[in-house]
Amino acid sequence: MAERVGIVAVAQTKYSPDRADAHEGELAYEAIKQVLDETGLKYGHDGESIDSAVTCSQDFWDGRTIANLNVNPYVGAHLSHEVKVAEDGVNAVYVAMAEVMGGHHKASIVVAHAKESMTSFRLAENAGLDAIWLRQLGLDNWSAAALQAKRYMHKYGITPEQCAQVVVKNRKNAKNNPFAQEPMDLTVEDVLGSPIVSTPLRQLDFKPHSDGAVAMILCGETLAKKITPKPIWILGASNCYETHYLGDRDLAEADALIKAAAKAYKMAGISDPGKELDLAEISEPVSYQELLWMEGLGFCGRGEGGRFIETGTTQMGGKIPVNPSGGTLAGNPDGVAGMARVAEAVLQLRNEAGARQVPGAKVALAHGVTGVCGQLQAVMILGNS
Amino acid sequence: MTQQSSQEQELIRINYGTPRPYKWATGKYIGKLYKEAKENKQLVTNRCPQCKQLLWPPIAFCGRCKVDAGEDWVVMNQRGTVVQYTYLVVPMWDPHYGEKFANPYPTATIKLDDGAYLVSRLQEQDPEKLKVGMRVEAVWKEEGRGTGMGDVLYFRTIEE
């Protein structure tokens, strides 16, 4: 029987619109140094050191066909094992979990970095689309998200006000998160008064451009308990891909997320997520996505995301606070965002989340998303007992 | 449309020719090397506190020893010895500025006398005179762009 896998340390940089002062490796090292110092772990192959690295980065953001190049010296990948994941960081954590669970490695350091300031945001996002089919339409995550928002609003009567409530809640929560890039006091009217980007979505419906990094260390139960009195266990993890072509999908449905969540819940023994989860950190680079993803995660029924947020259930102090950290909307880079959700869930379960702490949190969900309109959905369930 | 025989499907490809802009931060460590190269025509780097070797390019972490590298900065002697070389017959062009290199200078790994291994170009273009072990010294461009090793024109052969 494989050992349980625990996360023994997490660290994030403060997220920032332009870290012109830092080389990518130096940026990542800000987070890496913290997890090395906190655990006292070294890189090595003696069975009690970090013998694996999983990095997460995107070549189009970094402008190299090896976006991991400048981070690898810092994760011990000199004559040692390393795997790069070029999707959301939740999948990097998943790979590290599988490496440790399989017994192939004893301890794995996982690092995601991105500096969206280094290139054209729109060209980089456009590059995520199929080269001979969709790119030439000038689609990017803004316009594609707007198509999805329109479909979701049309099918289920979701209102711009309900989407704006996500922005108001998360930007306000971000005020309690020292790593958050853009905490803001906003009203629904502020969001609805911000400039139109692509109908029906406005500037404040989107996350700001962001630079930053996140790091964590995973190991098996025996080693984890030696390292920290507060290991956080990965209870369930899964991901599911959706077809790329938007015309093949009903964009008002989160079918891939429903499947990913079902598998992760089954692994974690969760039958009623709305009751059994103490909080959720959900990747929502665009406002309406938090509503749609909550449906996919089974927090409410299909098409009920808008009415669900109006109940206040997902606010701080509600039954299941969603994005106490402020979420991706408060500013996280692409690829880093989902892993930041895992890091925030870990802080909550360690009772180290400061002013954003959900009292007595025992089980938390972290969600990551990659690709256009949530093409790849990843779910992780974490617990502290 | 290209005329093809009725049995063959026309081969269609989609071209992409738009430049993708990037601005890479040199950061604290490599940034210091670039500044010293531009302002003082000096090659500086930091020394690993554990193995005592000079790191190149400068970096905050020694990949070999896997320890924090700190800031023991050293101004390097610009003389060294050729470790290996190749004569680039089909020269690459400068990918940042699009300029063709004036000459297909031989590319070489040079071990500086202080111990760091640099990859740069050699002045010597006569294949008969290129030798592993030859002694060389850095020659700087008169007007560098502030791009570190890009401001070194080549390493010239020296007699000692």
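Return yes or no: is B:Arg47 over 17 Å from the mean Cα position of the chain (by Cα), exposed (fewer than 10 other Cβ atoms within 10 Å of the Cβ) and outside the structural domain of B:Lys129 (by TED's automatic domain parsing)? Steps first, please.
On the way: over 17 Å from the mean Cα position of the chain (by Cα): yes; exposed (fewer than 10 other Cβ atoms within 10 Å of the Cβ): no; outside the structural domain of B:Lys129 (by TED's automatic domain parsing): yes.
So B:Arg47 fails the test.
Of all the residues that make up region A:213-261, how many are among the aromatic types (Phe, Trp, Tyr) and part of a loop (DSSP other than H, G, I, E, B)?
Result for region A:213-261: 1.
Determine, yes or no, whether A:Ser238 is at pLDDT 95 or above, among the polar types (S, T, N, Q) and touching a strand residue (DSSP E or B) at 6+ places or on another chain (Cβ under 7 Å).
Yes; evaluated as a whole, the condition is true for this residue.
Collect the residues in region A:301-310 that are outside any helix (DSSP H, G or I) and touching a Lys or Arg at 6+ places or on another chain (Cβ under 9 Å), keeping them in residue-number order.
A:Gly303
Please specify each residue of region A:100-125 satisfying the condition of being touching a Lys or Arg at 6+ places or on another chain (Cβ under 9 Å) and buried (at least 24 other Cβ atoms within 10 Å of the Cβ).
A:Val100, A:Lys115
For A:Glu48, work out the one condition from (1) farther than 24 Å from A:Ser210 by Cα; (2) surrounded by 23 or more Cβ atoms within 10 Å (Cβ to Cβ); (3) touching a residue at least 60 places away in the same chain (Cβ under 8 Å) it doesn't fulfil.
For A:Glu48, the exception is condition (2).
Mind listing whichever residues of region B:121-160 are more than 19 Å from B:Gly31 (Cα to Cα) and not in a loop (DSSP other than H, G, I, E, B)?
Answer for region B:121-160, where residues must be more than 19 Å from B:Gly31 (Cα to Cα) and not in a loop (DSSP other than H, G, I, E, B): B:Arg121, B:Leu122, B:Arg135, B:Val136, B:Glu137, B:Ala138, B:Val139, B:Leu153, B:Tyr154, B:Phe155, B:Arg156, B:Thr157.
Among the hydrophobic types (A, V, I, L, M, F, W, C) and touching a Gly at 6+ places or on another chain (Cβ under 6 Å), is that true of B:Ala37? Reasoning before the result, please.
On the way: among the hydrophobic types (A, V, I, L, M, F, W, C): yes; touching a Gly at 6+ places or on another chain (Cβ under 6 Å): yes.
So B:Ala37 passes the test.
B:Arg20 fails exactly one of the following numbered conditions: (1) modelled with pLDDT of 95 or more; (2) within 14 Å of chain A (Cβ to nearest Cβ). What is the number of that condition?
Here B:Arg20 clears every test but (1).
Condition check ((1) out of contact with any helix residue (DSSP H, G or I) (no Cβ under 8 Å at 6 or more places or on another chain); (2) in a helix (DSSP H, G or I)) across all residues:
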site: A:Leu291; (1), (2): no, yes
site: A:Glu295; (1), (2): no, yes
site: A:Phe299; (1), (2): no, no
site: A:Pro324; (1), (2): no, no
site: A:Pro333; (1), (2): no, no
site: A:Arg341; (1), (2): no, yes
site: A:Val346; (1), (2): yes, yes
site: A:Ala355; (1), (2): no, yes
site: A:Ala361; (1), (2): no, no
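The values are calculated or read from the model by the stated rules, or taken from the named source; none is laboratory data. Owing to the predicted nature of the structure, the values given are computational and were not obtained by experimental measurement. When we count neighbours, we look across all protein chains shown, and the Cβ atoms used for this are built from the backbone with ideal geometry, even at glycine.
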